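Visitor: Sharing a structure here in structure tokens format.
The values are calculated or read from the model by the stated rules, or taken from the named source; none is laboratory data. Just so it is clear, the structure is predicted and the values come from calculations on it, not from any experiment. Positions of Cβ are generated from backbone atoms using ideal geometry, with glycine treated the same way; all protein chains shown enter the neighbour counts.
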Amino acid sequence: MCVISIIENLNQIPSKETTELMEKSNPHGNGFVKWDKKQKCIYMKKGITLDELNDLTNKAKNEGNLSMIQHYRIASSGNSESKLNTHGFLIENMSNNDLETYTNKDIFFHNGTLDMDKLNEIAIKIMLLNKYAVYPTNKDNTEISDSRLMSWILNYVDHSILNLFTDNNKFCIMNGKNGKIKKYGSWDLVKDENNNNDLVTSNNYFKQSYFLNSCFDHHNYEEYYDKEENKEIKRVLKKYKNIGLTKDQVYTEYLEYGTSVYDIEDQIESELKMAKDYNYEY
């Protein structure tokens with residue numbers, strides 16, 4: 001799971017310490033957008049360091065530009081090293097997918113994992129109906145992500161289609177004409193203890209990751225979860241016993257990085273699919 005932080009007032013800006021937790025749990029690249037009141041357009045920069053993200057946020061705050069989105073990526077689809085797969089993504093057909101741009105086009109952000117096979121089925125239908133529709137690619141020839149493909153799809157369909165995918169996904173779009181932010185799915189209100197701000201985030205797993213790393217030995221993590229959560233962990237361990245999944249791996253490869261107990265199965269299935277698609281041993 002990635003994490004998105006939406007900022008629409010001063011009390012929603014995360015502290016430096018909290019952004020460090022967000023990036024630690026989501027280490028595959030950061031992205032930032034703001035509504036530039038002076039230019040009357042969106043400014044986006046992605047594939048950036050945490051220091052640069054915090055600098056851009058503080059600069060926007062000092063300018064009075066209080067419509068911002070921060071995104072911290074952990075790859076579940078698409079190449080994990082390509083900066084082009086960091087968020088956001090312009091909603092357009094022939095997207096250049098630049099790492100830095102000023103634009104009046106809407107910009108899309110995603111937290112979760114979408115089924116690429118289903119998205120490709122939608123993309124095929126779009127291309128059959130529209131001769132000008134060009135399937136998106138990355139300029140560095142790396143595999144695009146599910147989020148990139150969905151941003152392309154949104155150029156051709158009403159954005160309300162996102163409501164069909166909100167069971168395990170969160171989305172937001174910054175409007176390129178006025179900077180307003182539209183959220184889809186269930187979002188969290190998270191207290192930032194470092195500056196007492198109330199953050200609007202797509203999940204709170206980054207705080208769980210801090211708790212796990214700070215408070216307990218992973219060999220005894222059962223005592224920190226309730227009955228239903230421990231039941232789910234045992235179910236997942238039993239289901240994937242044939243691939244050698246161990247209790248320690250559940251901690252070190254999933255829980256330690258802020259993955260929800262109830263998202264572990266989806267993450268493993270995504271990894272197994274990628275292993276099959278690219279013919280490597282899981």
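Visitor: Check the stretch 62-73 and report whether any residue there is assigned by TED's automatic domain parsing to the domain that holds LYS183, surrounded by 24 or more Cβ atoms within 10 Å (Cβ to Cβ) and not in a strand (DSSP E or B).
Guide: Yes, the stretch 62-73 contains at least one residue that is assigned by TED's automatic domain parsing to the domain that holds LYS183, surrounded by 24 or more Cβ atoms within 10 Å (Cβ to Cβ) and not in a strand (DSSP E or B).
Results for (1) in contact (Cβ under 8 Å) with a residue 60 or more places away in the chain; (2) out of contact with any Pro (no Cβ under 7 Å at 6 or more places or on another chain); (3) over 19 Å from TYR72 (Cβ atoms), shown as yes or no for each residue.
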site: GLU143; (1), (2), (3): yes, yes, yes
site: ASP146; (1), (2), (3): yes, yes, no
site: LEU149; (1), (2), (3): no, no, yes
site: ASN155; (1), (2), (3): yes, yes, yes
site: ILE161; (1), (2), (3): no, yes, yes
site: PHE171; (1), (2), (3): yes, yes, no
site: ASN175; (1), (2), (3): yes, yes, yes
site: GLY179; (1), (2), (3): yes, yes, yes
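Visitor: Tally the residues that are small (Gly, Ala, Ser), at pLDDT 80 or above and over 17 Å from the mean Cα position of the chain (by Cα), restricting the search to the stretch 234-276.
Guide: 1
Visitor: Can I ask one more? In the stretch 74-87, which residue that is assigned to a loop (DSSP other than H, G, I, E, B) and out of contact with any helix residue (DSSP H, G or I) (no Cβ under 8 Å at 6 or more places or on another chain) is surrounded by the fewest Cβ atoms within 10 Å (Cβ to Cβ)?
Guide: GLU81
Visitor: Looking at the stretch 145-201 only, could you name the residues that are part of a helix (DSSP H, G or I), of a type outside the set (A, V, I, L, M) and touching a Phe, Trp or Tyr at 6+ places or on another chain (Cβ under 7 Å)?
Guide: SER147, ARG148, SER151, ASN163, listed by residue number.
Visitor: Within the stretch 24-61, how many residues turn out to be part of a helix (DSSP H, G or I), crowded, with 20+ Cβ neighbours inside 10 Å and within 16 Å of the chain's Cα centre (by Cα)?
Guide: Going through the stretch 24-61 one residue at a time, the tally reaches 2.
Visitor: Scanning the stretch 1-32 for residues that are among the β-branched types (Val, Ile, Thr) and under 19 Å from SER145 (Cα atoms), which turns out modelled with the lowest pLDDT?
Guide: Within the stretch 1-32, the match that is modelled with the lowest pLDDT is VAL3.
Visitor: While we're looking at this one, here's another question. Being at negative phi and outside any loop (DSSP other than H, G, I, E, B): is that true of ASN120 here?
Guide: yes
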